[in-house]
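The values are calculated or read from the model by the stated rules, or taken from the named source; none is laboratory data. Being a predicted model, the structure only gives us computed values, none of them experimental. FYI the Cβ positions are ideal-geometry reconstructions off the backbone, even for glycines, and counts take in every protein chain you see.
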Amino acid sequence: MSPNLSLESSYSKQPIVLFPPLKKETECFHPQSFDQFPVLYSFSPNKDTLGGTAYFLRGKEENVLVDCPKWNDLHLNFLEQQGGVDWLVLTHRDGISNVKKIKEALNCQVLIQEQEAYLIPEVSVIPFDQNYIFSSELEMIWTPGYSPGSACLYYSPLGGILFSGRHLLPNTNGQLALLKTAKTFHYPRQLRSLVRLIHRLNPSTLRYICPGANIGFLRGQGWVTDAYGQMLEIKNELEEITF
């Protein structure tokens with residue numbers, strides 16, 4: 001890497017990312033389960049959230065819906081069959097869709113980082129600052145950059161899973177990346193948020209990432225493996241940049 005490398009001269013000037021094509025609006029699928037993670041389900045990409053992927057996590061004490069799936073009777077019935085939802089957590093502003101309908105149908109609490117709580121004035125929310133601890137296994141962590149209130153949900157069992165929203169996404173090669181797009185709020189802050197996650201976690205506490213978009217680039221796997229190692233690779237590419 002050149003000693004004269006600057007933040008604006010390399011990594012941050014990558015081309016604007018093209019996201020995988022979405023299914024037709026009329027297509028609707030049952031949430032997908034993962035054999036490796038029996039407590040976890042993913043929903044089909046939602047055009048209302050720019051192709052975002054929502055997840056359902058069936059916890060020991062609380063059930064959590066991560067971002068908003070396309071809202072319909074199929075998804076409502078599925079969630080009710082799983083025992084309902086205690087929390088709807090929103091990882092970034094583009095993950096917001098039909099929050100009032102979801103909250104009323106499921107009678108759940110809504111958690112969002114305080115800088116983006118104003119975006120849903122029609123519902124009562126629980127705002128948080130740096131983090132929100134649900135239990136010893138589950139925590140919401142503020143990771144600003146993609147948006148002012150961007151956040152990740154960390155689940156410690158099963159080797160450690162990070163629901164990264166749009167903070168960390170797979171690129172066209174299926175590798176984890178910090179993607180600068182037209183929607184990015186503040187790329188340098190996004191880089192600093194990555195470094196804080198690296199300092200907070202380690203290879204034994206973070207094995208997987210479930211991204212909030214671009215899952216088509218994962219070629220059907222549904223999650224990113226060697227998550228901590230891939231995060232370190234991103235950091236190493238940027239190690240000469242002062243965060």
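Residues considered: I133, I161, I126. Of these, the only one that is touching a strand residue (DSSP E or B) at 6+ places or on another chain (Cβ under 9 Å), touching a residue at least 40 places away in the same chain (Cβ under 8 Å) and at negative phi is I161.
For every residue, the table says whether it meets (1) surrounded by fewer than 23 Cβ atoms within 10 Å (Cβ to Cβ); (2) basic (K, R); (3) closer than 20 Å to F128 by Cβ; (4) under 18 Å from the mean Cα position of the chain (by Cα).
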{"position": "G52", "(1), (2), (3), (4)": "no, no, no, yes"}
{"position": "D67", "(1), (2), (3), (4)": "no, no, yes, yes"}
{"position": "N72", "(1), (2), (3), (4)": "yes, no, no, no"}
{"position": "Q81", "(1), (2), (3), (4)": "yes, no, no, no"}
{"position": "A105", "(1), (2), (3), (4)": "yes, no, no, no"}
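Meeting the requirement of 3 or more residues that are out of contact with any Phe, Trp or Tyr (no Cβ under 7 Å at 6 or more places or on another chain) and over 26 Å from S156 (Cβ atoms), no strands (runs of 3 or more DSSP E) wholly within region 39-105 can be named. Of everything in region 213-243, what is of a type outside the set (V, I, T), at pLDDT below 90 and closer than 26 Å to F43 by Cβ? Give them in sequence order. Answer for region 213-243, where residues must be of a type outside the set (V, I, T), at pLDDT below 90 and closer than 26 Å to F43 by Cβ: N214, G216, F217, L218, R219, G220, Q221, G222, W223.
Determine which member of the set E137, E233 is closer than 25 Å to E61 by Cα, acidic (D, E) and surrounded by fewer than 22 Cβ atoms within 10 Å (Cβ to Cβ). It would help to see each step written out before you state the result.
Details: E233 fails: closer than 25 Å to E61 by Cα.
Just a single option satisfies the conditions, and that option is E137.
Looking at region 84-103 only, could you name the residues that are at pLDDT below 95 and either within 22 Å of S135 (Cα to Cα) or of a type in the set (G, A, S) (or both)? Residue satisfying the conditions is G95 alone.
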